[in-house]
Amino acid sequence: MKLSLRASFALCVLLFLAIVGASQTGKFTIQIVAAQSQTEAEELVSLLKANGVEAYVLKSVILGKGTFYRVRTGTFPNANEARKYGESLKQKGIVPEFFVAPYEAPKASSSSAKPADQTLSVPDNLETGKKEPATKKTGKAKKEPAVVAANTNPAPEPAKPAAKESSPSEASSVTSSPTPSVPAVSFAQFRNPQIGFSFEYPAHWTGNPLTADDAQAQRVNAGAYFQSADDNAFLHVIWNELEKANNPANNNDLIVDVILTSMKSGKETQKMEATSRRVEETKGQIKTYLDLRASFLLPGQTAPLDFLGKALIIRASKGILLAAVFFSKDAPPSVPGLAEKVIASLKIPE
């Protein structure tokens, strides 16, 4: 059985931790486009300045991907303020889309369209699944996917079936700790139209589904990624097609261990371990609930960032679905409850 989860998960960890690092310095910005043409980027800067937007270009070299010219504007103390500004530009029709990014000080003056050299060293074993935003007028720039529209109806809390099986290797660590309380937070629903898997997530978390091109590049069939710098949390969901993945003859502990090994194989991952494991079988689906503990170290950091996590692995007749929510130990007290609710809402049709 071949599971291709490593590249996509490791990349999203890298992207999220960059934002967490930015939140510690208190600086964010708006990225409007990442073009592979310097001329295109400079033309956009000129157009933006004509509309009263002080923009600049950052030249970034991504290992294994090439050179990008990123058009950015503004410096903000937090992600929410940056997002509000980006939305105001969209409402005025100045930009078609944007995304919030950690602020990088340009080496050249922002009054010039000349790009400042910035190098983003992405490990060789990572494959890009996070798209760069683009304007509508060109196909050269990579497009950042739109945020899934929020649904203000709270997600229902499905009842958990009785446990049927526990992992022998983890049996001693399985506990029935109480679920943290979830405050009154609006939830939105994500549903993949091709596969049909769905889940609820806090409406203020931002993210997107993987496009077909992204999924193919990552050697997976579908997925989605959401994050919240304010909550210090991120959610990653991956679907891999595999006929008869729920065959009881396949050792569930072995499958779970392979997935965990893939999750912890990124260069930024210092530690990834399951602190508890619970297995259920419901309607032909084998579900493994995991409590996780991890630490990640970005290049240039002197100390790793510690995270806790909740994950669910579903073995169904047509494939395997992995959903993992990670949150910093410094996250707001409500976040563990939000993570529990996301995991409990995960559904895949048969």
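Read the figures in this text as sums done on the coordinates, not as results from a lab. Quantities reported herein were computed from a predicted structural model and do not represent experimental measurements. We place every Cβ from the backbone using ideal geometry, glycine too, and count neighbours over all the protein chains shown.
Under a 5 Å amide H cut-off, with hydrogens placed 1.01 Å from N, residue 28 pairs with 76, 78, 103 among residues at least 5 apart or on other chains.
Exceedance of the 27 Å cut-off in Cα-Cα distance is limited, within the set 264/347; 59/329; 59/271, to 59/329; 59/271. Backbone amide hydrogens, once placed in the peptide plane, bring residue 270 within less than 5 Å of 295, 296, 297, excluding anything fewer than 5 places away on its chain.
Each residue of the range 187-193 is assigned a 3J(HN,Hα), and the resulting list reads 10, 10, 10, 10, 9, 7, x Hz, derived from the Karplus form 6.51 cos²θ - 1.76 cosθ + 1.60 (θ = phi - 60°), x at Gly and Pro. Near the amide H of residue 188, within less than 5 Å, lie the amide hydrogens of 151, 201, 203, all on another chain or at least 5 residues away, with H placed in the peptide plane. Of the GluC sites (Glu not before Pro) found in the range 188-277, the ones in coil according to DSSP and having at most 15 other Cβ atoms within 10 Å of their Cβ are 243. Annotation: for a label point projected 7 angstrom from Cα along Cα→Cβ of residue 80, no residues of the range 315-343 have a backbone N closer than 12 Å. Coupling constants for the range 318-330 follow from the phi torsions by the Karplus curve (6.51 cos²θ - 1.76 cosθ + 1.60, θ = phi - 60°), and in residue order they are 10, x, 10, 10, 10, 10, 9, 10, 10, 9, 5, 5, 8 Hz; glycine and proline get x. Tell me, Kirkwood radius of the range 205-350 from alpha-carbon pair distances, in Å? Computed over the range 205-350, the radius equals 16.0 Å. The range 190-235 and the range 35-91 have Cα centres separated by 24 Å.
Using 0.36 nm per residue and subtracting the Cα-Cα separation, the extra length available between residue 54 and residue 275 on full extension is 74.7 nm.
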